[in-house]
Amino acid sequence: MQQLDGIAVSPGVAIGEALVIDNEGFRIPRHYILREEIDGELQRFQQALQSVAGEIQQTRDSVSTQLGDQYAAIFAAHLQMLEDPRLQAEVERWIRDQQYSAEYAVSVTLRGYARAFQKFENAYLSERSHDVYDLERRLLQSLVGHERQQIASLDSPVVLLAHNLSPSETATLKPEFVLGFGTEVGGAGGHTAIVAKGLEIPAVVGIGHFLFDVSGGDQVIIDGHEGRVILRPDDPTLQRYRKRQQASRSAVVRLKGLRDKPAVTRDGIHVQLMANIEFPHEAQVSIERGAEGIGLYRTEFLYLGASVAPTEEDHYQAYAEVVAAMDSRPVVIRTLDLGADKLSPTPPELADPNPFLGLRSIRLALANLPLFRLQLRAILRASVLGNVRIMFPLITTLDELVRAKQVLNEARDELINEGVPCNRELLVGMMVESPAAALLIDRFIDEVDFISLGTNDLVQYTLAVDRGNPAVNDLYQASNPAVLRLIQRVVQVALEAGIPASLCGQMSSSPQYTMLLLGFGLRQFSVAPGSIPEIKQICRRVDLEQCQQVATEVMGMTRVQDINAYLMSELTKLNLGENDHSGGG
């Protein structure tokens, strides 16, 4: 058994067989064989050895002819390793004694050799682990008989392990087949994490290098609550986590009873719980979880996996589906937030060297007006179908906000002149996700109908921490006093101006922050659909005075560790494992 620690980004527990994508890329069809199948598996292994040896010899001879013997020596070394009788004997021993399938025996054996090479301090010897991996890949390809399996085409349950998953790759995951995933890199605020939470797939990222330690088919546990990945768990650990899985399922059933109950505190304060979504089908899921509307519709996910840019009609149809599903409930559509760690239409040769500080979000929209206007027209067309609102992302200057509103007005005038119905009184909001916007919120507040705090970016820009960089993951702290002070200021200014304020970053979905945010004066949360029942339960267990006391205590603290410990202790006092007996309907 091996336990690894990473960053918990999507809650839940997953238990299943590993599919190692980035290094292995092959689905091992089975782990064990019957005793009468041993001779057949040994024969399959020998046939794979001969096949791969032939390929390597052919490659060696070709390279020798074209480039010379010194380059061909690389493949001669591969061949020598492949024909090593000790390696062959070890694979055969796994097959004969443990009744492993040939694929699993090959993977277990060669991963062991790779780990041994990696332990050498000598750089030359350490690099030989890559040669071992190449042999594993070749043998598995010969045994399995097909190339790397695409994660979008999985047809049976696995736990996905990879070096990294892009937001677009994550968006193609099917929860019924991907039970959970773990990646070597990634951060808490990245969009891969956001998509995983939206899909309700347990996930841990930023684990560090570990793929050489696991073989396809190994049993793996993903603990998306604690940020833990357990390879080849022993029986007591397995039983403990299976009990946790059952407890989680029971909690889901228990919290379903809150769906039609209001999020009202014990002293009668109503809290509006909205949902964050990326895909149209999530609107129905949000309703089932008790959402009062969509507080953030991330429209850039229309571009994920698309071979051509979406048309105005594509945008309109996606928005219309969500608005129809939500009936009269509010739907806040955020304009494109492309760039940074999301898909960008920028050609590779013009790739931004520092995307988080470059041409992204509203900047990219204003620099590409045809793209921007196309989306605005689609939103305006959908606005007559229900309670639609529009929100501009990453506003940092008043000029950006004014210009964005001007383009919106121009798009509205175009539609009116064309005789196309649209809402002429569409509510307009802005994201507050930079220190500049937070510090000057009193200047922005007169220009908008509502605001929403995007804490994922606010944290990284305030603390100068790239949210996707594993080297500084420990510095990405939503509970940093500087971040909390900015949030408190924004909420207070909005309250004084009578402008609705929401918070749609990951903080809103994290139970430990609910009392603190209520204490700041926040009355609207936009959260991942799966988190709505738990956040609602907390709201129904507290009163305003209690939350204000929490806020007072926290704002007197200077250390993140102390803040986190205090918030968790206050959360524990609520006894959330008990049935809901609070008032409010």
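The values are calculated or read from the model by the stated rules, or taken from the named source; none is laboratory data. Quantities reported herein were computed from a predicted structural model and do not represent experimental measurements. Neighbour counts run over all protein chains shown; Cβ positions are idealised from the backbone, glycine included.
At-a-glance table
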read-out: Region 357-393: number of residues that are assigned to a strand (DSSP E or B) and either on the phi > 0 side of the Ramachandran plot or of a type in the set (Lys, Arg) (or both); value: 1
read-out: Number of the condition not met by Val384 [criteria: (1) modelled with pLDDT of 90 or more; (2) surrounded by 20 or more Cβ atoms within 10 Å (Cβ to Cβ); (3) among the aliphatic types (A, V, I, L, M)]; value: (2)
read-out: Test: residue in region 229-243 that is closer than 24 Å to Pro175 by Cβ and without any contact (Cβ under 8 Å) to a residue 12 or more places away in the chain; value: yes
read-out: Qualifying residue in region 330-339 (condition: touching a Pro at 6+ places or on another chain (Cβ under 7 Å), assigned to a loop (DSSP other than H, G, I, E, B), modelled with pLDDT of 95 or more and assigned by TED's automatic domain parsing to the domain that holds Leu273); value: yes
read-out: Failed criterion for Asp466 (all others in (1) modelled with pLDDT under 95; (2) closer than 16 Å to Leu357 by Cβ; (3) surrounded by fewer than 21 Cβ atoms within 10 Å (Cβ to Cβ) hold); value: (3)
read-out: Filter result for the condition that a residue is modelled with pLDDT of 90 or more, under 21 Å from the mean Cα position of the chain (by Cα) and either hydrophobic (A, V, I, L, M, F, W, C) or not assigned by TED's automatic domain parsing to the domain that holds Gln537 (or both), over Ala263, Ala306, Ala283, Ala318; value: Ala283
read-out: Flag for Leu296 being assigned by TED's automatic domain parsing to the domain that holds Ala382, modelled with pLDDT under 90, within 26 Å of Leu503 (Cβ to Cβ) and under 22 Å from the mean Cα position of the chain (by Cα); value: no
read-out: Criterion (within 22 Å of Arg259 (Cβ to Cβ) and polar (S, T, N, Q)) met by exactly one of Gln524, Gln549, Gln506; value: Gln524
read-out: Any chance Gly498 is without any contact (Cβ under 8 Å) to a residue 12 or more places away in the chain, assigned by TED's automatic domain parsing to the domain that holds Val285 and within 25 Å of Val331 (Cβ to Cβ); value: yes
read-out: The lone exception for Gln246 - which of (1) over 28 Å from Val432 (Cβ atoms); (2) within 19 Å of the chain's Cα centre (by Cα); (3) not in a loop (DSSP other than H, G, I, E, B) it fails; value: (2)
read-out: Residues (closer than 21 Å to Arg523 by Cα and free of Cβ contacts under 8 Å to residues at least 60 places away in the same chain) located in region 456-474; value: Leu458
read-out: Every residue from region 561-574 that is of a type outside the set (A, V, I, L, M, F, W, C) and closer than 15 Å to Asp543 by Cα; value: Glu570, Lys573
read-out: Selected residue (criterion: modelled with the lowest pLDDT) from residues of region 99-149 that are under 19 Å from Leu79 (Cα atoms) and either basic (Lys, Arg) or not in a helix (DSSP H, G or I) (or both); value: Arg128
read-out: Region 525-535, residues that are at pLDDT below 95 and either within 13 Å of Glu570 (Cα to Cα) or not β-branched (Val, Ile, Thr) (or both); value: Ala528, Pro529, Gly530, Ser531, Pro533, Glu534
read-out: For Phe212: the one exception among (1) modelled with pLDDT of 80 or more; (2) of a type outside the set (Lys, Arg); (3) outside any loop (DSSP other than H, G, I, E, B); (4) surrounded by fewer than 24 Cβ atoms within 10 Å (Cβ to Cβ); value: (1)
read-out: Residues that are surrounded by fewer than 16 Cβ atoms within 10 Å (Cβ to Cβ) and either assigned to a helix (DSSP H, G or I) or at pLDDT 95 or above (or both), drawn from region 565-581; value: Ala565, Met568, Ser569, Thr572
